[in-house]
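To start, the structure under review is shown below, and the notes come after it.
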Amino acid sequence: MGNAGARRAAAREREVLARFPAENPRPVLRVVADGIVNYANDAAMALLAELGLEVGDQVPRSWQETLARSPSPSRPCAMEVTAGDRVFAFTCAPVPEFGYVNFYGMDITEQRAAEEALIESEQRFRRAVANAPFPIMLHAAGGEVLTVNEVWVEATGYAAEEIPTVGDWTELAYDTDGDAVAEYVSQLHELTGRVDEGEFVIRTADGDTRIWHFHSAPIGQLPDGRGLAMSIAMDVTKRRAAENALRESEERYRTVFENTGAATCLIDENRTIVLANQGFARLVGAPRDEIEGSLDFTEVIAPHEKERMVGYHDARRAPGREAPNRYEFDFVTLDGEMRRVFLHIDVIPGTETSVASLVDITELRQAQKELQVLTEELEERVRDRTAQLEAANAELEAFAYSVSHDLRAPLRAIDGFSQAVVEDYAEDLDDTARDYLRRVRRASQRMGSLIDDLLQLSRITRVELFRDRVDLSAMAREVVDELRAQHPERVVEVVIEPDMTADVDRRLIRTALSNLLGNAWKYTAKLSEAKIEFGSQAGEQGRRVYRVIDNGAGFDMQYAGKLFQPFQRLHREDEFPGTGIGLATVRRVIRRHGGDVWAEGAVDEGATFYFTLNEA
Amino acid sequence: MADGVILLVEDNPDDVELTMRGLRQGQIANEVVVARDGVEALDYLWCRGEWSERDVEEAPAVVLLDIQLPKIDGLEVLEQIRSDPRTRPLPVVMLTSSNEERDLIGSYDLGANSFVRKPVDFEQFAEAVRQLGLYWLVINEPAPPGGAGSD
């Protein structure tokens, strides 16, 4: 109903009531010239009494001012009168032909109270919007922004004047989804209930971005009939950041969980597997969704292990009890295949759930077993070989012993009786016979030397090595002294580097030095200015290289490889006597010390023998 | 020169002959008793079997003992000699072809007085025998009968 209609209806009512003022429950009174009240109905009488007036009195000044605005019947004027605790609205209707003015009153006490309450309510609403701790926008259908509150302005940096319409707002604050927002906002005014618009990224005036979660609701109509809507935003930037961080963290843990390299699962207090990674699913032999939440862990434990592991499960969750965290057990896949598994399990602090990592070590154990078998076989073979070697050694020793006795005794007889013949039957023998017997003796003695040298060679291999700090220089001097004593006729210049010491077997090294110096002595025998030198030089890897140098007969390097072979000789017996065993003996001694020996030389230009010693 | 008996324990007749020859050439005229194995040697020393009539108090001046012997070898004979108070003081010279260290050490461990290796060269051998005789029969003062070691 329009205002014009309402006014017409009120005028008609006044007309009707004007005819029967006495029956009118609303106050009606008539004022004549000079503002004198000359009629009042019952309701008006009560009102006047409240004001301390009665019929015949002059109306209060404010009434007269209203009258003075010279109303006309076509333009009645209005005023309000407060009487006691009641408020009345009066319409003054002049009746010029009778010279008075009719006052028609209406008790508007309740109406006024309601109006005041409404005003109060609106003010509260405005305050609420203005002071709300979150951004609020009131906007009309068509896009006009009626209000943005303080928080909105502060948070965005856009003053209310910059965003007269929703379109201006979306243009400023949205990058790409502005159009969608505008459409949404326009639809909003056709809705009846609250709408959750969702989240949008807002760009503030200084270029920051914020995430706002919008709720909007139509909240009635404006006096001009346009729909009114309120949009409330919640700044969820921090919450989203926290949620993102949490999600990323969860993703990280999930990734870790998936990629532990072990079959990993979570087991709750009822032994149900609540979470499993792909590795665990593979080990069990079932897809994850058939495991998680339904598989009992004991279903994948071999029967003979169940009691023990259920015991652990309970102990781990019982106060004051403990269970091992790392152990092996027999795992059974859902297909019934037995696997050997290494388990690492722990209750997650503050929960009843344990996290278990399983590593399938079946192949490892198998390999270890095979290795064990191989090792045992190898050890067995080593024992066999050692026994064989020991037997061979014992045999060799027995042989050497026997050679030493049994081969020499006949030689002694050959030599001894040959000599006896020469001594006892000298007159019966001619020169040839004596020569033959001499040859017999020389041959048997040479064979005796060969046997002795061979035995020495074999002894070097057989005896145990006792290392000791040995002064090689002093030892060499002793050897040379002995040589000089045996061959006092020789003139040999011997130079020995002082203070050469080494950790070696004294007796073996003595044999080697005797042979090397003895060779040098022997092969310089034909020189008038023989010279022998024993010294050392720095070699590779900090090793000392010892050398025995002579200026004697030397040898052809072509045959250098044969030097150290037993019975190999580079000189004829009648030139330089020898058995061909000395250098073979030297090489064995040096090799037993972990060293090496080699020689350089040229015919008639002397020889140099080098050797190293692995001095532990 | 002591006139005691030389007990030669040697199974090889060639070596017996060569030793005798060496002694002769060394001008050593003492009686030589030859035992062909370890048992015979102990029979002589302890006056058993073939030698039961012998007076145990008449100990030989020296025993020349080969190591490699049939039945009981030289080292064992030496051990038995040293284990019996009657024979413990006897000078015993190990006379052997061996130059094996274990024989040398074993002999001295068991109480041999000397260890002589028989060389192949007879002249050297004869010289060794001569020096042995000189030392044990001329220079060395033997223990009195029933004296030291007869406890």
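The values are calculated or read from the model by the stated rules, or taken from the named source; none is laboratory data. Just so it is clear, the structure is predicted and the values come from calculations on it, not from any experiment. Cβ coordinates were reconstructed from backbone atoms using ideal geometry, including for glycine residues, and neighbour counts include every protein chain displayed.
Summary of values
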read-out: Condition met for residue B:43 (away from chain A (no Cβ under 14 Å) and either assigned to a loop (DSSP other than H, G, I, E, B) or modelled with pLDDT under 90 (or both)); value: no
read-out: All positions within the stretch B:56-85 that are surrounded by fewer than 21 Cβ atoms within 10 Å (Cβ to Cβ) and either aromatic (Phe, Trp, Tyr) or within 12 Å of chain A (Cβ to nearest Cβ) (or both); value: B:68, B:73
read-out: The stretch A:301-315, residues that are surrounded by 14 or more Cβ atoms within 10 Å (Cβ to Cβ) and within 31 Å of the chain's Cα centre (by Cα); value: A:301, A:309, A:312, A:313
read-out: Members of the stretch A:506-521 found to be of a type in the set (D, E, K, R) and touching a strand residue (DSSP E or B) at 6+ places or on another chain (Cβ under 6 Å), listed by number; value: A:506
read-out: The stretch A:395-420: number of residues that are over 13 Å from residue B:68 (Cβ atoms), surrounded by 11 or more Cβ atoms within 10 Å (Cβ to Cβ) and either of a type outside the set (S, T, N, Q) or touching a strand residue (DSSP E or B) at 6+ places or on another chain (Cβ under 9 Å) (or both); value: 13
read-out: Residue list for the stretch A:583-605, filter: touching a Gly at 6+ places or on another chain (Cβ under 7 Å) and surrounded by fewer than 23 Cβ atoms within 10 Å (Cβ to Cβ); value: A:602, A:603, A:604, A:605
read-out: Hits in the stretch A:401-416 - residues which are within 14 Å of residue B:11 (Cα to Cα) and out of contact with any Asp or Glu (no Cβ under 8 Å at 6 or more places or on another chain); value: A:405, A:406
read-out: Criterion: in a helix (DSSP H, G or I), within 14 Å of another protein chain (Cβ to nearest Cβ), modelled with pLDDT of 90 or more and over 60 Å from the mean Cα position of the chain (by Cα) - qualifying residue of A:417, A:399; value: A:417
read-out: Filtered residues of the stretch A:451-468 (kept if within 13 Å of another protein chain (Cβ to nearest Cβ) and out of contact with any helix residue (DSSP H, G or I) (no Cβ under 8 Å at 6 or more places or on another chain)); value: A:452, A:464
read-out: Among residues of the stretch B:86-122, those that are within 7 Å of another protein chain (Cβ to nearest Cβ) and free of Cβ contacts under 8 Å to residues at least 12 places away in the same chain, counted; value: 3
read-out: Of residues in the stretch A:566-604 being among the acidic types (Asp, Glu) and at pLDDT below 90, the one farthest from the chain's Cα centre (by Cα); value: A:574
read-out: Pairs with Cβ under 7 Å, 6+ apart, first in the stretch B:4-22 and surrounded by fewer than 21 Cβ atoms within 10 Å (Cβ to Cβ), second among the polar types (S, T, N, Q); value: B:4/B:30; B:5/B:30
read-out: Flag if residue A:404 is within 17 Å of residue B:121 (Cα to Cα), modelled with pLDDT of 85 or more and at the interface with another protein chain (Cβ under 10 Å from one of its Cβ atoms); value: no
read-out: Meets criteria (at the interface with chain A (Cβ under 9 Å from one of its Cβ atoms) and closer than 30 Å to residue A:450 by Cβ) for residue B:127; value: no
read-out: The stretch A:139-167, subset assigned to a strand (DSSP E or B) and of a type in the set (Val, Ile, Thr), residue surrounded by the most Cβ atoms within 10 Å (Cβ to Cβ); value: A:148
read-out: Residue match in the stretch A:128-140 (condition: free of Cβ contacts under 8 Å to residues at least 12 places away in the same chain and either among the charged types (D, E, K, R) or at positive phi (or both)); value: no
read-out: Elements of type strands (runs of 3 or more DSSP E) in the stretch A:499-557, at least 2 residues being closer than 16 Å to residue A:607 by Cβ; value: A:530-538, A:544-550
read-out: Extreme residue, farthest from the other protein chains (Cβ to nearest Cβ), among residues of the stretch B:1-39 that are within 13 Å of residue B:64 (Cα to Cα) and among the β-branched types (Val, Ile, Thr); value: B:5
read-out: Qualifying positions in the stretch A:571-598 - in a loop (DSSP other than H, G, I, E, B) and within 14 Å of residue A:547 (Cα to Cα); value: A:595, A:596
read-out: Extreme residue, nearest to residue A:493 (Cα to Cα), among residues of the stretch A:425-450 that are among the aliphatic types (A, V, I, L, M) and within 12 Å of chain B (Cβ to nearest Cβ); value: A:450
read-out: Which numbered condition residue B:132 misses (of (1) away from chain A (no Cβ under 14 Å); (2) crowded, with 19+ Cβ neighbours inside 10 Å; (3) part of a loop (DSSP other than H, G, I, E, B)); value: (3)
read-out: Sole residue being under 30 Å from residue A:458 (Cβ atoms) and either touching a His at 6+ places or on another chain (Cβ under 9 Å) or part of a loop (DSSP other than H, G, I, E, B) (or both), chosen from B:103, B:11; value: B:11
read-out: The one condition in (1) away from chain B (no Cβ under 14 Å); (2) over 21 Å from residue B:99 (Cβ atoms); (3) surrounded by 15 or more Cβ atoms within 10 Å (Cβ to Cβ) that residue A:491 fails to fulfil; value: (3)
read-out: Condition met for residue A:143 (touching an Asp or Glu at 6+ places or on another chain (Cβ under 9 Å) and more than 30 Å from residue A:24 (Cα to Cα)); value: yes
read-out: Per-region count, the stretch A:316-342, residues closer than 13 Å to residue A:283 by Cα and either surrounded by 12 or more Cβ atoms within 10 Å (Cβ to Cβ) or within 24 Å of the chain's Cα centre (by Cα) (or both); value: 9
read-out: Residue check for residue A:243: of a type in the set (D, E, K, R) and part of a helix (DSSP H, G or I); value: yes
read-out: Selected residue (only one of A:355, A:359 is surrounded by 14 or more Cβ atoms within 10 Å (Cβ to Cβ) and either within 13 Å of chain B (Cβ to nearest Cβ) or in contact with a helix residue (DSSP H, G or I) (Cβ under 9 Å, 6 or more places away or on another chain) (or both)); value: A:355
read-out: Filter result for the condition that a residue is modelled with pLDDT of 85 or more, crowded, with 16+ Cβ neighbours inside 10 Å and not aliphatic (A, V, I, L, M), over A:24, A:41; value: A:41
